Amino acid sequence: AWYAELRRLGVTWHEDPRIREQDFGNYQHPESMKRFKLDRHTYGAFYYRFPHGESASDVYDRVSTFLDSLWRSFEARKADNYVIVTHGASIRVLLTRYFRYSVDEFNRLENPRNGEMICMGHDGEGKLE
């Protein structure tokens, strides 16, 4: 229903599965997930891979190809503004990749709260703020 309203307003969009949430694996049993999250804390959030799921490092690879496509879109001047809607781990990975944060810095980032916005603005000189 909201797609029709966006079309009516002349807003364009593109859905991209590369910026979906981290895959935590199939059949997430609550007790198992508690143990896996403790393990993740022990090994580090970036490299720990959930059984049958992904690590943040895997998400980094997906987000990297998304950013490559996004840069091509910027260069082609497809739009003046972009809104990227995604999930916590994907946002942290996107920031890590874009700003070249270390794995240590990634591990110190917290997931944004539900619905929280992170705004990156262009300084007019080719650099995001």
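The values are calculated or read from the model by the stated rules, or taken from the named source; none is laboratory data. This structure is a prediction, so every number in the text was calculated from the model and none was measured. Positions of Cβ are backbone-derived with ideal geometry, glycine not excepted, and every protein chain shown enters the neighbour counts. Ligands, DNA and RNA are stripped out before the accessible areas are found, and what is left, the full protein with its side chains, is counted by its heavy atoms. Shrake-Rupley method; radii C 1.70, N 1.55, O 1.52, S 1.80 Å.
Report, to two decimal places, the Cα Rg of the chain normalised by 2.2 N^0.38 Å (N = number of residues). Intermediate values should be presented prior to the final figure.
Working: Rg = 16.8 Å, N = 129, 2.2 N^0.38 = 13.9 Å.
Cα Rg divided by the expected 2.2 N^0.38 Å: 1.21.
Sum up the charges of everything whose Cβ sits under 12 Å from the Cβ of Ser69, counting Lys and Arg as +1 and Asp and Glu as -1, but leave Ser69 out. Let's see the in-between values first.
Working: positive: Arg18, Arg62, Arg72, Lys78; negative: Asp16, Asp68, Glu75.
Surrounding charge for Ser69 is +1.
Out of segment 58-106, which trypsin sites (Lys or Arg not before Pro) are coil in DSSP terms and have no more than 13 other C-beta atoms within 10 Å? The partial results should precede the final answer.
Values: sites: Arg62, Arg72, Arg77, Lys78, Arg92, Arg97, Arg100; in loops: Arg77, Lys78, Arg100.
Counting only loop positions with at most 13 other Cβ atoms within 10 Å, the trypsin sites (Lys or Arg not before Pro) in segment 58-106 are Arg77, Lys78, Arg100.
Are there any helices in the chain, counted as whole DSSP H runs, that stretch 15 Å or more along their axis by Cα and score at least -0.5 on average by Kyte-Doolittle, and if so which? Could you put the intermediate results ahead of the total?
Details: long enough: 30-43 (20 Å, -1.64); 56-75 (28 Å, -0.29); 88-99 (16 Å, 0.72).
Helices passing the filter in the chain: 56-75, 88-99.
Tell me, in nm to one decimal, what length is gained between Lys78 and Ile118 on full extension, where the rule is 0.36 nm per residue of separation less the Cα-Cα distance?
Working: separation 40, 0.36 × 40 = 14.40 nm, distance 2.17 nm.
Net length gain for the segment: 12.2 nm.
State the answer as a single residue: which of Ile19, Val59, His29 lies farthest towards the positive end of the charge dipole of the chain, with beta carbon charges of +1 for Lys and Arg and -1 for Asp and Glu, about the Cα centre.
Checked the options; the winner is His29.
How large a share of the accessible area of the chain, in percent, is made up of carbon and sulfur atoms when the probe is 1.4 Å and the other protein chains stay in place?
Working: 4970 of 9830 Å².
Within the chain, the accessible surface is 51 percent carbon and sulfur.
Set the Förster radius R0 to 35 Å, insert the Cβ-Cβ distance between His29 and Asp61 as r into 1/(1 + (r/R0)^6), and round the FRET efficiency to 0.05.
Details: r = 27 Å, r/R0 = 0.77.
According to the calculation, E is roughly 0.85.
Residues of the chain: accessible area per residue at 1.4 Å, in Å²? The partial results should precede the final answer.
Working: 9830 Å² over 129 residues.
Solvent-accessible surface per residue comes out at 76 Å².
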